[in-house]
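Undergrad: The following block contains the structure, expressed as structure tokens.
The values are calculated or read from the model by the stated rules, or taken from the named source; none is laboratory data. Predicted model, so just to flag it, every value in this text is computed and none were measured. Cβ placement follows ideal geometry from the backbone for every residue including glycine, while neighbour counts extend to all protein chains displayed. Just so you know, the surface numbers come from the protein's heavy atoms only, side chains and all, with ligands and any DNA or RNA stripped out. Shrake-Rupley method; radii C 1.70, N 1.55, O 1.52, S 1.80 Å.
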Amino acid sequence: MNTDSGRSEAALETRDGAALGALLGLPTGLLLLTLAYATTRYVVFGPWTVGHIPLYVLNKAISWSALWLVALALALGPLARLAPGRFARHLWRRRYFGIMGFALASLHVVMSLAILNYAYYRQFFRQAFELTPVAEFSMAMGALAWFLLLAPLAGSLPGARAQMSARYWQLLQKIGVLGMLLGGLHLSYGVPGWLTPAAWYGGLPPITLWSGSAVVIALALRMLAPRNSGDAQ
């Protein structure tokens, strides 16, 4: 057996194992945690039945996880600048968090369209077949957010970053931040529910509020740790 080939194969196995762990480890744990929260809020304390877990409730968890993963991917750079000893070694993971966040966001779009009707989303409709202005704004922001996140996704593809200048990498990051911000505006339909804690199922805050907090935290970190000229993080 060729020793060098064996070492190369072992190195590839180690690299691929780490990549798979970043792609599935934290995202899976986050999705399970958010699903448990959504089930408790909407089924245990709320009016929804167990039969709504596979689509309606799971969709809530998916949307929450998607926005948090996108926010984490965009916040790791600032975190590495603020505390390089703790976070710099994790910068490579942001690619995988961003990819998985986009994948979950895409799944959220499909699942939401499947149940977009008056029975599930009454606050979206003025009557059975007419969307409210707030619903139209929310859906437009969500669609634009998904479209803008295609840019940093393309920059995360294998080999793309190595062939890209620091200037254009930073531009893709800014587009990603704008996409995340629009994703936060997509949650605007839920704002009235944030202001009425007495109506929260089981006293648990709405998922739109938790999701929106990811956007606020990521934006705050990026303002606290501004990028230096030529910094590619």
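Undergrad: How many Å² of accessible area per residue for the chain, probe 1.4 Å?
TA: Numbers: 12660 Å² over 233 residues.
Counting only protein heavy atoms, the per-residue value for the chain is 54 Å².
Undergrad: Could you tell me the center-to-center distance, by alpha carbons, between segment 97-115 and segment 32-96 in angstrom?
TA: Result: 12 Å between the Cα centres.
Undergrad: Given a 10 angstrom Cα cut-off, can you work out which residue in A198, A38, A145 is the most mobile in a GNM of the chain?
TA: Fluctuation is largest for A198.
Undergrad: I've got another one for you. Based on Cβ point charges of +1 for Lys and Arg and -1 for Asp and Glu, what charge dipole magnitude is obtained for the chain about its Cα centre, in debye rounded to the nearest 20?
TA: Numbers: 17 positive and 7 negative charges, 109 e Å.
Here the size comes out at about 520 debye.
Undergrad: Further question: With everything on Cα atoms, drop me the angle between helix 94-114 and the longest principal axis of the chain, reported from 0 to 90° to the nearest 10.
TA: 30
Undergrad: Right, another one. Keeping all protein chains in position, work out how much accessible area T132 exposes to a 1.4 Å probe, and write it in Å² to the nearest 10.
TA: 20
Undergrad: Out of residues 5 or more away from L131 or on other chains, whose amide H comes under 5 Å of its own, with H placed 1.01 Å from N in the peptide plane?
TA: Excluding prolines and chain starts, which carry no amide H, the hits are R126.
Undergrad: While we're here: Please give the helix 3-39 orientation as an angle from the longest Cα principal axis of the chain, in degrees from 0 to 90, rounded to the nearest 10.
TA: 20
Undergrad: Residue-wise, which Karplus ³J(HN,Hα) couplings in Hz belong to segment 123-131, taking 6.51 cos²θ - 1.76 cosθ + 1.60, θ = phi - 60°, and x for glycine or proline?
TA: 5, 8, 10, 6, 8, 3, 10, 10, 6
Undergrad: Please list log₁₀ I(q)/I(0) at q = 0.14, 0.15 Å⁻¹ for segment 119-206, using the Debye equation with identical point scatterers on the alpha-carbon positions.
TA: -0.66, -0.71
Undergrad: So I have [x] 67, 44, 31; [y] 62, 41, 27; [z] 53, 38, 28, and one of them is Cα extents along the principal axes in Å calculated from this model. Which one is it?
TA: Checking each listed value against the structure points to [x].
Undergrad: Further question on the same structure: Going toward the positive end of the dipole of the chain, with +1 on Lys and Arg Cβ and -1 on Asp and Glu Cβ, which of H90, G25, A225 do you reach last?
TA: Projecting each Cα onto the dipole axis, the largest value belongs to A225.
Undergrad: Hey, got the dipole for segment 61-178? About the Cα centre, +1 on K and R Cβ, -1 on D and E Cβ, debye to the nearest 20?
TA: Details: 11 positive and 2 negative charges, 136 e Å.
Value, rounded to 20: 660 debye.
Undergrad: Just want the answer: with Cβ charges of +1 for Lys and Arg and -1 for Asp and Glu, which residue in T208, Q173, N117 is farthest toward the dipole's positive end in the chain?
TA: After comparing all options, I get Q173.
Undergrad: First check a/c for segment 93-150, with a ≥ b ≥ c the square roots of the eigenvalues of its C-alpha gyration tensor; if it is under 1.5, answer rounded, and if not, answer prolate when a/b is larger than b/c or oblate otherwise.
TA: Working: a/c = 3.95, a/b = 2.22, b/c = 1.78.
Taking the square roots of the gyration eigenvalues as a ≥ b ≥ c, segment 93-150 is prolate.
Undergrad: May I ask you to give the percent of accessible area on the chain that is carbon plus sulfur, with a probe radius of 1.4 Å? Each step should come with its number before you reach the end.
TA: Numbers: 8790 of 12660 Å².
That share works out to 69 percent.
Undergrad: A follow-up question, please. What is the sum of charges, Lys and Arg at +1 and Asp and Glu at -1, for the other residues whose Cβ falls under 15 Å from the Cβ of V50? Spell out each step's value before the answer.
TA: On the way: positive: R41, K60; negative: none.
Residues close to V50 contribute a combined charge of +2.
Undergrad: Taking the chain as the reference, fit the longest principal axis to its C-alpha atoms, fit the long axis of helix 133-148 to the helix C-alpha atoms, and give the angle between the two in degrees, 0 to 90, nearest 10.
TA: Once rounded, the angle reads 10 degrees.
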